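Here is the structure we will look at.
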Amino acid sequence: MKIYIINLKRSVERRLAITTQCDALGLDYEVIEAVDGRIFSPEELKLHTAEINYAYRPGEIGCALSHLRIYEKIVTDNLSAALVLEDDALLSTNLSSIIEAVISLNNASCPMVTLLTPVNRLIDKPMALGVYGAKIYPVYHATTSHGYIINNFAAKNLLENLYPVWITADKWAVFEDYSFIKVQAVFPPPVTLAEEALVSTIVEDVDTQIFKNERQQAWQKIMRRRPFKVKLKSRLKRIFLPIFYKIITVKNLKGNRL
């Protein structure tokens with residue numbers, strides 16, 4: 001499977017850390033130079049973003065554009081699927097076996113994203129992967145993007161619907177509400193965060209109350225402007241899923257690392 005690593009050109013130590021891990025595991029990877037939104041002019045930021053945009057920080061805009069750049073490569077090169085890694089990922093030694101197991105289940109007719117990272121909440125409807133006791137669960141809520149497998153159908157849908165940028169790259173539940181993708185996750189997660197993640201390369205120190213208020217207002221506008229069928233799907237999911245399936249808070253699950 002093709003593996004794409006998102007890395008800012010200036011983040012040399014991060015690039016070395018993640019490529020060293022991939023080399024040790026014998027993985028075939030390509031480093032994709034990340035888009036650095038923090039060096040964009042106001043005009044460039046405006047060019048690449050929607051009028052109402054939750055990806056408020058320039059670094060978040062660059063991050064979203066970086067993931068879209070990979071989706072474009074997946075579609076252009078007609079890949080069936082690919083693994084996307086950010087450069088602060090910490091890889092399990094069992095990652096190759098997990099990838100093979102996930103790919104064996106790939107359904108090209110379903111736009112699927114499989115998160116390999118820790119998530120917030122899962123739907124208690126697991127399917128055994130058959131390796132190392134790992135299982136795949138449908139995702140109820142997750143906001144991480146440092147390690148996931150995405151198939152061609154999902155890449156095409158996200159590429160068509162997330163530009164100009166109007167939301168951060170990891171709002172998986174929103175993307176699922178819009179029917180852009182289906183989201184599942186491997187547990188225990190084979191990809192976690194390395195020490196490098198303690199220092200963000202995309203988030204600026206702008207968490208003032210004014211910023212928080214403006215960001216919240218953008219989110220509220222996005223939620224209000226959703227099409228009726230998207231609002232209905234989101235509402236029904238939150239009403240009926242907990243009736244038929246237990247919603248698992250992941251921190252309460254036994255085992256947290258492969």
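The values are calculated or read from the model by the stated rules, or taken from the named source; none is laboratory data. Keep in mind that what you see is a predicted model, and the values were worked out from it rather than measured. FYI the Cβ positions are ideal-geometry reconstructions off the backbone, even for glycines, and counts take in every protein chain you see. These accessible areas exclude ligands, DNA and RNA; they are computed on the full protein's heavy atoms, side chains included. Shrake-Rupley method; radii C 1.70, N 1.55, O 1.52, S 1.80 Å.
Suppose the filter is assigned to a helix (DSSP H, G or I), closer than 25 Å to residue 57 by Cβ, open to solvent by 20 Å² or more (accessible area, probe 1.4 Å) and of a type in the set (D, E, K, R); does residue 160 pass it? Write out each step before concluding.
Working: assigned to a helix (DSSP H, G or I): yes; closer than 25 Å to residue 57 by Cβ: yes; open to solvent by 20 Å² or more (accessible area, probe 1.4 Å): yes; of a type in the set (D, E, K, R): yes.
Yes; evaluated as a whole, the condition is true for this residue.
Which number in (1) without any contact (Cβ under 8 Å) to a residue 24 or more places away in the chain; (2) open to solvent by less than 30 Å² (accessible area, probe 1.4 Å); (3) of a type in the set (A, V, I, L, M) marks the one condition that residue 142 misses?
It fails just one condition, (1).
Can you confirm whether region 68-83 contains a residue that is β-branched (Val, Ile, Thr) and either farther than 30 Å from residue 135 by Cα or not in a helix (DSSP H, G or I) (or both)?
yes
List the number of the failed condition for residue 170; all other conditions in (1) in a loop (DSSP other than H, G, I, E, B); (2) over 24 Å from residue 22 (Cβ atoms); (3) open to solvent by 20 Å² or more (accessible area, probe 1.4 Å); (4) of a type outside the set (A, V, I, L, M) hold.
Among (1) in a loop (DSSP other than H, G, I, E, B); (2) over 24 Å from residue 22 (Cβ atoms); (3) open to solvent by 20 Å² or more (accessible area, probe 1.4 Å); (4) of a type outside the set (A, V, I, L, M), residue 170 violates only (2).
If you take the residues in region 63-90 that are over 14 Å from residue 191 (Cα atoms) and touching a His at 6+ places or on another chain (Cβ under 9 Å), which one is surrounded by the most Cβ atoms within 10 Å (Cβ to Cβ)? Walk me through it before giving the result.
Restricting attention to region 63-90, the residues satisfying the condition of being over 14 Å from residue 191 (Cα atoms) are 63-82.
From the residues that got through so far, the ones that are touching a His at 6+ places or on another chain (Cβ under 9 Å) too are 64-65.
Numbers: 64: 29, 65: 22.
Checked region 63-90; the qualifying residue surrounded by the most Cβ atoms within 10 Å (Cβ to Cβ) is 64.
Counting only residues that are open to solvent by less than 30 Å² (accessible area, probe 1.4 Å) and of a type outside the set (Gly, Ala, Ser), how many does region 53-62 have?
4
On the basis of being part of a loop (DSSP other than H, G, I, E, B) and farther than 23 Å from residue 223 by Cβ, does residue 16 make the cut?
So residue 16 does not fit the description; no.
Here is a list: 93, 49. Which entry is open to solvent by 40 Å² or more (accessible area, probe 1.4 Å) and β-branched (Val, Ile, Thr)?
Matching residue, one of 93, 49: 93.
Which members of region 84-97 meet the condition of being assigned to a strand (DSSP E or B) and over 12 Å from the mean Cα position of the chain (by Cα)?
Residues of region 84-97 assigned to a strand (DSSP E or B): 84-86, 89-91.
Selection gives 89, 90, 91.
Out of curiosity, is residue 198 out of contact with any strand residue (DSSP E or B) (no Cβ under 8 Å at 6 or more places or on another chain) and at pLDDT below 95?
Here the answer is yes, as residue 198 does meet what is asked.
Could you list all residues from region 43-60 that are basic (Lys, Arg) and in contact with a Lys or Arg (Cβ under 9 Å, 6 or more places away or on another chain)?
Keep residues of region 43-60 that are basic (Lys, Arg), which gives 46, 57.
Across region 43-60, the qualifying residue is only 57.
Scan 135, 212 and give me the residue that is within 30 Å of residue 253 (Cα to Cα), open to solvent by 40 Å² or more (accessible area, probe 1.4 Å) and of a type in the set (D, E, K, R).
From the options 135, 212, the qualifying one is 135.
List the residue pairs whose Cβ atoms are under 7 Å apart, where the first residue sits in region 24-44 and is in contact (Cβ under 8 Å) with a residue 24 or more places away in the chain and assigned to a loop (DSSP other than H, G, I, E, B), the second is open to solvent by 70 Å² or more (accessible area, probe 1.4 Å) and not aromatic (Phe, Trp, Tyr), and the two are 6 or more positions apart or on different chains.
35/69
In the list 135, 156, which residue meets the criterion of being modelled with pLDDT of 95 or more, over 23 Å from residue 29 (Cβ atoms) and not hydrophobic (A, V, I, L, M, F, W, C)?
It is 135.
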